[in-house]
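All remarks here apply to the structure that follows.
The values are calculated or read from the model by the stated rules, or taken from the named source; none is laboratory data. Treat the numbers as computed from the prediction; the structure is a model and nothing was measured. In this analysis, Cβ positions are derived from the backbone assuming ideal geometry, glycine residues included, and neighbour counts consider all displayed protein chains.
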Amino acid sequence: MRLVLLGAPGSGKGTQAARLKEHLQVPHISTGDLLRAEVAAGSKLGLEAKEIMAAGNLVSDEILLGMLEDRFSRPDTAGGFILDGYPRNQAQADALDHLLKRIGQPMDFAVQLEVPTELLVERIAGRAQAEGRADDNPESVRKRLTIYDTQTAPVIEFYRQHGQLTVVNGVGSLDEVFNRILEALAPVKEVG
Ligand code: ADP
């Protein structure tokens, strides 16, 4: 099963992806996690991305595509994957579409987690206290939400037009949301 999770910052993509990974037994590919690992390792790419991420801006499409090509070339993705944090704009959606077709692994399904903005802001504020992520300060959060509305939300239409989109209500307990996602995926054959 090749699945992409869509949703605003704070919508719970990362948390649900971690659970889905156990359930589906496929790797969870989070572009945010991949970038944070580069920053933590102090690599050239990490040094380039650090300030951009802290300000809540998007790292370049070129860097992201290279990182993903690399990740998809690893054998553990052969049986499927859960993608989280990508695509974030139309150019990334097109690039991903081409890349996956080229490697013979087209996307099966897109799930959008829908959460009202007030709740997103509240959740990120809670996470900021708990985790201290450099980009969870108010200014960066505002920037990320604006970028989501202007650049990422249109990507949802791309998956809708391809007949791959299911919208899931992201408000509720972790279990409730997880079960809604499983229900949404139930018609897809491989899900047990
Ligand atoms: P969130 O969805 O909560 O904002 P992520 O962990 O998905 O958190 O992403 C954190 C940051 O990493 C983004 O604000 C951005 O700077 C960078 N990033 C992650 N994915 C991408 C992407 N696909 N394109 C560009 N930048 C990205």
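The selection criterion, being within 13 Å of the ligand (Cβ to nearest atom) and either modelled with pLDDT of 95 or more or within 26 Å of Ile181 (Cα to Cα) (or both), holds for Ala91.
Return the only residue of Gly32, Gly10 being at pLDDT below 95 and within 13 Å of the ligand (Cβ to nearest atom).
After applying the criteria, what remains is Gly10.
Find the residue count for the range 100-113, including only residues that are surrounded by 15 or more Cβ atoms within 10 Å (Cβ to Cβ) and not β-branched (Val, Ile, Thr).
Within the range 100-113, residues that are surrounded by 15 or more Cβ atoms within 10 Å (Cβ to Cβ) and not β-branched (Val, Ile, Thr) number 8.
For first residues located in the range 135-157 and in contact (Cβ under 8 Å) with a residue 12 or more places away in the chain, partners that are within 9 Å of the ligand (Cβ to nearest atom) and among the acidic types (Asp, Glu) and lie 6+ apart or on another chain with Cβ distances below 9 Å form the pairs Val141/Asp135; Lys143/Asp135; Arg144/Asp135.
Would you call Asp136 over 27 Å from Val188 (Cβ atoms) and within 9 Å of the ligand (Cβ to nearest atom)? Against the criterion (over 27 Å from Val188 (Cβ atoms) and within 9 Å of the ligand (Cβ to nearest atom)), Asp136 qualifies.
Here Gly104 meets the list (1) more than 9 Å from the ligand (Cβ to nearest atom); (2) under 29 Å from Asn137 (Cα atoms); (3) not in a helix (DSSP H, G or I) almost entirely, failing just condition (2). Residues of the range 13-27 being surrounded by fewer than 21 Cβ atoms within 10 Å (Cβ to Cβ) and within 13 Å of the ligand (Cβ to nearest atom), which ones? Result: Gly14, Thr15, Ala18. Residues of the range 45-99 that are among the acidic types (Asp, Glu), surrounded by 15 or more Cβ atoms within 10 Å (Cβ to Cβ) and closer than 15 Å to Leu3 by Cα: Asp84, Asp97. Taken together, the residues in the range 161-182 that are at pLDDT 95 or above, touching a strand residue (DSSP E or B) at 6+ places or on another chain (Cβ under 9 Å) and not hydroxyl-bearing (Ser, Thr, Tyr) amount to 10.
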